[in-house]
Amino acid sequence: MSQAVVRITVDGAVLDVAVGVSVAAALMNASLPIRVSVSGEPRAALCGMGVCQECRVTIDGRSFQRSCLVAVRDGMVISHEA
Amino acid sequence: MRLDLTRFDVVIVGGGPAGLMAALRVCLETSSVAIIDQSPAPGGQIWRRDLHGGWPEHVSAMVKLLSQRSSFIGNATVVDATSVDGRHQLLVEKEGRTIAIETATVIIATGARELFLPFPGWTLPGVVGVGGLQALMKNGLDVRGRRIVISGSGPLLVAVAAAAVKKGADVVAVIEQAKLSSLARFGMRLAMHPFTALDALRYMVELNGGVMQFGKWVSIARGAGKVEAVTVTNGNLTETIECDLLATGFGLVPNTELARLLGCEIGSRGIIVGRGQRTTVPGVFAAGECTGIGGVDQAVHEGMFAGSASVGDRPPYGSHRRRDRARGWGRILERTFALRPEVLALAQPSTIVCRCEDVRRRDLPALASGRQAKLYTRVGMGACQGRVCGPPLARMFGWEQDTVRAPLQPAQLSSLIGAR
């Protein structure tokens, strides 16, 4: 079954993702860590349901977005927070 | 900053089973009812819409019906809540906008979150919750061909393992910390709840019994930049299992923060509710896992009761008995899957216990209270506001939960200006 695909950019790199996939899932599918902790550890989603805040990224210029709660959109720009 | 001000007869916070059932009941009386949820679509956790499979069929019908007779406010987070003279105001952040919602009747259906217990390596990418794995899979995490270890405690382990297998994952081990003898007793009581027993049987068959291990736990997760292998032990012998993902969770914790902020009394199991799911605050009701972990059956019944009571009606005859049986199920779960002391002591001195602020076990002052620990180390003062580290530290050290203050979630300054 073919799926519609959208194109997003992650820190400048282009990623093609199936419609409806959450940003957190998309980043994990691409084996990208989602954020870096205060002591420099790479982190990805833990709880998957908006509680742990580990998945937060900047989306289209808005910071502190819980990426497990956001579906990818065509042209979405994702950048990482310190 | 734009502050939309809107009014509803009934506001339901949480669009899972309890919230949806409440809305179903309420919308028979009034269409001035709103469900607020952080996710883009209703369903909560157990009824979460799957990217490929959609909602469970009955949920699909419910959602369709509700869309015609109620308002669903998704991608929305309640950041503050106040009550004045029996009227409640919720401050909601939705995609950069701020909405003030005013109502006389609030139904809290905020559900539960997972109990995580810290252990070496648990912060590695690829270590997710058990419910977390389910949520991520439903939102498009690709697990085809991925080696997954599922460990921790509770019936969720097997249910999620079965779901992962259906999605093409290679579930190499399901590791339950409770001993088989505890579960055998559970099996006897399972017979008293026939619907759930059939579920359990179905899951086991889908899973292929061979991968299940009892009386064991993951003591270490290892990998370079992401999880690559885990060490499993029964306290004596150890074994290493290679994996791409580790799903770990030790049960559920009720989400009581909004209720606390509104001044509701909270008990040891969750929000305290009386007749008709009334909390101790007039005009505020609570239903589902947030009143005490009891599974979807309890949530469905409590949602219906709260919906009925909120519009001044009584629930159908005999329904209290079904709800109480479901509550009984919750208590059986607690006893059967009680946590062994070993899994509460997995953190090594260098293990991070507060993920938001990278506070390590060795940083925690000895014998301090939770509040003292916060003052010395910032533990619990990060983005998750203690939701992840609070429950394990409470069980490890007996720390009391601190009082809740706004904002309930990290919020835009513009949302909070002028709010209080």
Near pairs, Cβ below 7 angstrom, 6+ apart or cross-chain, from the stretch A:22-44 (facing another protein chain (nearest Cβ under 7 Å)) to any residue that is surrounded by fewer than 24 Cβ atoms within 10 Å (Cβ to Cβ) and hydroxyl-bearing (Ser, Thr, Tyr): A:Glu41/B:Thr123; A:Arg43/A:Ser37; A:Arg43/B:Thr123
Tally of residues being out of contact with any strand residue (DSSP E or B) (no Cβ under 6 Å at 6 or more places or on another chain) and either modelled with pLDDT under 95 or closer than 28 Å to B:Gln348 by Cβ (or both) across the stretch B:97-118: 3
Of all residues in the stretch B:120-137 being crowded, with 24+ Cβ neighbours inside 10 Å and in a loop (DSSP other than H, G, I, E, B), the one that is farthest from the chain's Cα centre (by Cα): B:Pro125
Residue count for the stretch A:1-19, restricted to those that are modelled with pLDDT of 95 or more and part of a strand (DSSP E or B): 11
Single residue of A:Asp60, A:Asp16, A:Asp11 found to be more than 7 Å from chain B (Cβ to nearest Cβ), within 22 Å of B:Gln412 (Cβ to Cβ) and among the acidic types (Asp, Glu): A:Asp60
Number of the exception - A:Val38 against (1) surrounded by 15 or more Cβ atoms within 10 Å (Cβ to Cβ); (2) more than 18 Å from B:Glu95 (Cβ to Cβ): (1)
Count of the stretch B:388-402 residues which are at pLDDT below 90, more than 15 Å from B:Gly267 (Cα to Cα) and either assigned to a loop (DSSP other than H, G, I, E, B) or of a type in the set (S, T, N, Q) (or both): 2
Which numbered condition B:Val388 fails, given (1) away from every other protein chain (no Cβ under 14 Å); (2) buried (at least 16 other Cβ atoms within 10 Å of the Cβ); (3) touching a residue at least 40 places away in the same chain (Cβ under 8 Å); (4) aliphatic (A, V, I, L, M): (1)
Per-region count, the stretch B:163-180, residues of a type in the set (Gly, Ala, Ser) and either touching a Phe, Trp or Tyr at 6+ places or on another chain (Cβ under 8 Å) or closer than 18 Å to B:Ala221 by Cβ (or both): 4
Filtered residues of the stretch B:52-72 (kept if over 20 Å from the mean Cα position of the chain (by Cα) and within 14 Å of chain A (Cβ to nearest Cβ)): B:His52, B:Gly53, B:Gly54
Some residue of the stretch A:64-74 being modelled with pLDDT of 95 or more and surrounded by fewer than 17 Cβ atoms within 10 Å (Cβ to Cβ): yes
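Count, please, the residues in the stretch B:18-35 that happen to be in contact with a Ser or Thr (Cβ under 8 Å, 6 or more places away or on another chain) and outside any helix (DSSP H, G or I). Full working, then the answer.
Let us first name the residues in the stretch B:18-35 that are in contact with a Ser or Thr (Cβ under 8 Å, 6 or more places away or on another chain), namely B:22-23, B:25-27, B:31, B:33-35.
Next cut, outside any helix (DSSP H, G or I) only: B:27, B:31, B:33-35.
Total satisfying the criteria: 5.
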Elements of type strands (runs of 3 or more DSSP E) in the stretch B:39-108, at least 2 residues being touching a residue at least 24 places away in the same chain (Cβ under 8 Å), out of contact with any Lys or Arg (no Cβ under 7 Å at 6 or more places or on another chain) and farther than 30 Å from B:Asp142 by Cα: B:76-84, B:87-94, B:97-103, B:105-108
Residue pairs meeting the criteria (Cβ under 9 Å; at least 6 apart or on separate chains; first within 30 Å of A:Arg66 (Cβ to Cβ) and more than 14 Å from chain A (Cβ to nearest Cβ), in the stretch B:344-371; second part of a loop (DSSP other than H, G, I, E, B) and basic (Lys, Arg)): none
Candidate set from the stretch B:138-170 (those that are in a helix (DSSP H, G or I) and farther than 25 Å from B:Phe337 by Cα); member that is nearest to the other protein chains (Cβ to nearest Cβ): B:Lys138
Subset of the stretch A:26-82 that is more than 17 Å from B:Gly132 (Cβ to Cβ) and among the hydroxyl-bearing types (Ser, Thr, Tyr) - its residue that is farthest from the chain's Cα centre (by Cα): A:Ser39
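The values are calculated or read from the model by the stated rules, or taken from the named source; none is laboratory data. Worth saying up front: this structure is predicted, and the values here are computed from it rather than measured. Cβ sites come from the backbone with ideal geometry, for glycine too, and all protein chains shown count toward neighbours.
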